[in-house]
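The values are calculated or read from the model by the stated rules, or taken from the named source; none is laboratory data. These figures come from a predicted structure and were not determined experimentally. Heads up, the Cβs are rebuilt from the backbone with ideal geometry, glycines too, and the neighbour counts pull from every protein chain shown. Heads up: the accessible areas ignore ligands, DNA and RNA and are worked out on the full protein's heavy atoms, side chains in. Shrake-Rupley method; radii C 1.70, N 1.55, O 1.52, S 1.80 Å.
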Amino acid sequence: MKKLIAANWKMNKTIKESVLFIEEFKKIIKNEKNAEIVICPPFTALTALSKELKNSNIKIGAQNMHFEEAGAFTGEISPLMLKETGCEYVILGHSERREIFGEDDLLVNKKIIAALKHGLSPILCIGENLEQKNQGKTKNIIENQLKNCLKSIDKSQMESITIAYEPVWAISRGNPSHKAATKEDAEEGHKFIRSVIEKMFDTAISKNIRIIYGGSMKPENARELLSMPDIDGGLVGNASLDAKSFAEIVKSVK
Ligand code: PEP
């Protein structure tokens with residue numbers, strides 16, 4: 001399976017800015033065939049980008065979603081609404097959703113079940129924060145997040161799921177000089193995630209599932225991170241906001 005490089009734009013870019021990015025980005029990566037590329041813009045830009053990207057090798061994803069199809073949930077977006085925009089992926093359980101908006105594993109699990117029901121491919125974000133890392137709890141946290149977020153998910157559904165290992169302490173929060181995890185630390189996390197998936201499901205699923213790394217990935221470090229055996233791609237925040245920089249990361253996939 002190809003490596004997956006996904007852009008998480010967070011709360012950045014108007015529709016106009018999103019379209020300008022795509023026009024520039026498409027030209028630079030025209031001949032790139034090595035990676036599967038997904039752009040996750042704000043909700044407001046999904047429809048416009050979907051039109052821009054028709055017949056291209058770039059897919060669209062959302063950054064969040066409610067688990068119900070419709071109803072009295074002011075300010076929320078449903079899986080049906082995302083499907084209608086042409087969206088194929090949805091980021092769920094991002095650490096900013098967890099830390100700033102109080103989402104927990106139970107809620108993330110409901111969202112994953114709903115996304116799968118509607119044919120959206122979840123990118124499930126997991127990872128420890130600095131305090132948990134310093135207390136030596138990384139593996140515990142990762143294992144619990146996986147068990148809780150993937151509760152009642154059937155083996156046959158696992159091929160639609162991507163896991164993003166995002167150590168929270170490595171996320172840039174918009175600071176371009178923030179340090180990523182070392183390739184060795186990232187690889188250790190990915191290997192451990194694969195071993196938990198093997199215990200929860202089976203060996204074939206653990207081998208086939210894509211586990212992508214997120215946290216200050218940028219042109220300077222993408223190649224070495226992406227060369228590690230258990231790193232199947234990247235979820236890129238800050239460095240995905242500039243078309244040239246995101247294209248360089250895509251081109252780092254060999
Ligand atoms: C993220 O928050 O998903 C992320 C990977 O951000 P950054 O690349 O800016 O660290």
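Please specify each residue of the range 158-215 satisfying the condition of being among the acidic types (Asp, Glu), over 24 Å from ALA239 (Cα atoms) and in a helix (DSSP H, G or I). Hits for the range 158-215 are GLU159, GLU198.
Take the range 216-237 and flag every residue that is in contact (Cβ under 8 Å) with a residue 24 or more places away in the chain and either polar (S, T, N, Q) or in a helix (DSSP H, G or I) (or both).
SER216, PRO219, ASN221, ALA222, ARG223, GLU224, LEU225, LEU226, SER227
Within the range 238-254, the only residue that satisfies the criterion of being open to solvent by 50 Å² or more (accessible area, probe 1.4 Å), part of a loop (DSSP other than H, G, I, E, B) and within 15 Å of the ligand (Cβ to nearest atom) is ASP242.
Can you pull out the residues in the range 75-132 that are assigned to a helix (DSSP H, G or I) and charged (D, E, K, R)? Selection gives LYS83, GLU84, GLU96, ARG97, ARG98, GLU99, ASP105, LYS110, LYS111, LYS117, GLU131. Could you say whether any residue in the range 169-190 is of a type outside the set (Val, Ile, Thr), open to solvent by less than 80 Å² (accessible area, probe 1.4 Å), within 16 Å of the ligand (Cβ to nearest atom) and without any contact (Cβ under 8 Å) to a residue 24 or more places away in the chain? Yes, the range 169-190 contains at least one residue that is of a type outside the set (Val, Ile, Thr), open to solvent by less than 80 Å² (accessible area, probe 1.4 Å), within 16 Å of the ligand (Cβ to nearest atom) and without any contact (Cβ under 8 Å) to a residue 24 or more places away in the chain. Can you pull out every residue in the range 66-101 that is within 16 Å of the ligand (Cβ to nearest atom) and at positive phi? Matches in the range 66-101: GLY93 only. If you check GLY61, GLY127 for being buried (at least 20 other Cβ atoms within 10 Å of the Cβ), closer than 19 Å to ARG194 by Cα and either under 17 Å from the mean Cα position of the chain (by Cα) or of a type in the set (A, V, I, L, M, F, W, C) (or both), only one passes: GLY127. Whether a residue is more than 12 Å from the ligand (Cβ to nearest atom), among the hydroxyl-bearing types (Ser, Thr, Tyr) and either more than 15 Å from the chain's Cα centre (by Cα) or open to solvent by 50 Å² or more (accessible area, probe 1.4 Å) (or both) was assessed, and THR162 does not pass this test.
Here MET200 does not qualify as surrounded by fewer than 19 Cβ atoms within 10 Å (Cβ to Cβ), over 28 Å from LYS110 (Cα atoms) and more than 16 Å from the ligand (Cβ to nearest atom).
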